[in-house]
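First up is the structure itself, then whatever we jot down about it.
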Amino acid sequence: MHKLLGDKLFSQEIIYNFEIRDYEDWGNLEFANINKIRNVVFQPLRRNRTSNNNYPLLQELSKKYGKTQNQIILNWLVAQNTLPITKSSNISHIDEHIDSLTFKLDEDDMRKMNEFRHPKWKAPLVDWYELGEGGIPIHQFPNQFDSIVGKQP
């Protein structure tokens, strides 16, 4: 798309969160940042499923900063120059999301968040253009995590 549109391409919507890092590992985030393309992140909290997994790192940082696990994740995403899209009809959750912008993870904690990779996650084959050529449609990508990895301890 960048070759076709050049500087007219100003954003891309991607799945990127604490558990699913494929766009980063594939080089998409770096390419976007170099070319001034904003990364708009859908399902940054995987519909609250990530915090329900109670990863030790998220628990540790939540306690250290006095914030929820979701706030730690959102803060980390924003610090990486992404625009996470969150959804909530609950005012307290909306306030929680806004409050995720009121603190800064220190350098060591950012490093820990950046280095995390789930050992059981392997991206499924994606049918990028939904042509029926095998794989899942890209919009179903984030919903594959639990079936591939299983429920976390």
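Remarks
- Entry note, the range 2-115: relative contact order of 24 percent, from Cα contacts under 8 Å with a spacing of 6+ residues.
- Over the range 52-108: Rg over Rh, Cα atoms, Kirkwood Rh: 0.95
- Neighbour cut-off at most 12 other Cβ (10 Å), DSSP loop, chymotrypsin sites (Phe, Trp or Tyr not before Pro), the range 1-65: Phe10, Trp26
- The GluC sites (Glu not before Pro) of the range 106-138 that meet both conditions, a loop assignment by DSSP and at most 16 other Cβ atoms within 10 Å of the site Cβ, are Glu130, Glu133.
- Listed by chain and number, the lysines whose alpha-carbon sits under 22 Å from that of Lys87, ignoring those within fewer than 8 places in the same chain, are Lys67.
- Given R0 = 35 Å, the distance between the Cβ atoms of Phe116 and Lys3 translates into a calculated FRET efficiency of 0.60.
None of the figures in this text is laboratory data; all of them are computed from the coordinates on show. Keep in mind it's a predicted model, so treat the numbers as computed, not measured. A quick note on method: Cβ atoms are made from the backbone with ideal geometry, for glycine too, and the neighbour counts reach across all protein chains shown.
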